[in-house]
Amino acid sequence: MRHVLRLLAAVLAIPALYLAASLILPLVPGPGPDLSGPLTRQIGLLQGPIHTDILFPLTPEIRTRFAFAEAAGVPVNHPDAQWLVFGWGSAAFYTTAGTYADITARAVLTAATGDDAVIRLDVLGPLAPLENLRFLQLSEAQFQALLGLTSAALASETPLNHPGFTGTDAFFPAHGHFSALRTCNVWLGETFRAAGIPFGLWTPANWSVTLALDWHLPGQTG
C-alpha cells in the first residue's frame, strides 16, 4: 500500500511541477543575441486560450516573402489584407481544432506525446482593439531576425491537403517537433529569444507567454 501511495504521489506531482515551472520559468530571462536598437518595427500577437499567433504587417516585403501562399488560397496580396497571421503547432491538434468542439482525445494525446509540426498562414484586415491582442515594438534587426526564423520554420511551400478554418488560411509542413514540453508557446519563446527579443526561458502555456511579455517587455502596447 505504501508503494502505491508513493507512486500516486509521484504521478500527481508531475502536473503540479509542470504548472509551477510554467509560472516561474517565464520570469527567468532566456539566452539570445543582443539585437537592440531603435524601435522602428511593429508586430502583433493574437492570443487564444491555448495558442498565440504572430501577426506581421503586410508590407511589400512581407507580401513578397509569403507570395507562395497565394496559390494555397491565402490572399496575401489582396488590397484589404493588412496582417499576415503566422502560427506553429501540432499537426494532429492544430488541423482539427477549428473550434474547441472539434478537439478529439486522440488529437490531444498525439500532441502531448509528440507530433509533427505544421504552420498555419492566414490574413486579417484592419484590427479592432481586442483584449487578447497586443503589439510589440521591435528594432529593425529583431524584426528581420524574426522574419527569417519564421520563414525558415517552413519545411515546404506546398500546402497540406487539409481544409483551413476561415476560407483564407492554409496549413504547411513545418520544421520541428511538438510535444507537451515543446508546445506552440515554447516554440514562440524560442523563436523570440533567437531573434534577440527578451523572453522567458520556458513558456509552455498562454499564461506563460503573458507573464514573459509583461516581465521582459514592460510598457509594450496592449
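The values are calculated or read from the model by the stated rules, or taken from the named source; none is laboratory data. Note that the coordinates shown come from a computational prediction; the quantities given were computed from them, not determined experimentally. Note: ideal-geometry Cβ built from the backbone for every residue, glycine included; neighbour counts use all protein chains shown. All accessible areas refer to the heavy atoms of the entire protein, side chains included, with ligands and DNA or RNA removed. Shrake-Rupley method; radii C 1.70, N 1.55, O 1.52, S 1.80 Å.
Say a paramagnetic label sat at a point 7 Å from the Cα of Trp215, along Cα to Cβ; which residues of segment 12-44 have their backbone N under 17 Å from it?
Only 17-32 fall inside the zone, counting backbone N under 17 Å.
What FRET efficiency, computed as 1/(1 + (r/R0)^6) with R0 = 35 Å and r the Cβ-Cβ distance, is obtained for Gln82 and Ile24, rounded to the nearest 0.05?
Efficiency, rounded to the nearest 0.05: 0.40.
Can you compute the modelled spin-label distance between Thr166 and Ala71, with each label point 7 Å from Cα toward Cβ, in nm?
Rounded to a tenth, the inter-label distance reads 2.3 nm.
Suppose every Lys and Arg Cβ carries +1 and every Asp and Glu Cβ carries -1, with no other charges. What dipole size does the chain come out with about its Cα centre, to the nearest 20 debye?
Here the chain has a charge dipole of around 680 debye.
Keeping every protein chain present and rolling a 1.4 Å probe, give me the accessible area per residue for the chain in Å². Please report the intermediate quantities before stating the final value.
On the way: 11010 Å² over 222 residues.
In whole numbers, the chain has 50 Å² accessible per residue.
Let me check against my output: what whole-number percent is the relative contact order of the chain, with C-alpha pairs under 8 Å and at least 6 apart? The partial results should precede the final answer.
On the way: 416 pairs, mean separation 67.7, N = 222.
The value is 30 percent.
Provide, in order from the shortest bin, the percent of all Cα-Cα pairs of the chain in each 5 Å bin, continuing until the bin that contains the maximum pair distance.
Per 5 Å bin, starting at 0, the Cα pair percentages come out as 1, 7, 13, 18, 20, 17, 11, 6, 3, 2, 1, 1, 0, 0.
May I ask which residue of Ala69, Phe165, Thr59 lies farthest towards the positive end of the charge dipole of the chain, with charges of +1 (Lys, Arg) and -1 (Asp, Glu) on Cβ and the Cα centre as origin?
Phe165
Just check segment 115-214 against the gyration tensor rule for me: Cα atoms, a ≥ b ≥ c as the square roots of the eigenvalues, rounded for a/c under 1.5, and otherwise prolate or oblate depending on whether a/b exceeds b/c.
Values: a/c = 1.45, a/b = 1.23, b/c = 1.18.
Rounded is the answer for segment 115-214, as its axis ratio a/c remains below 1.5.
First compute the accessible area of segment 114-222 with a 1.4 Å probe, then give the percent of it belonging to carbon and sulfur atoms.
61
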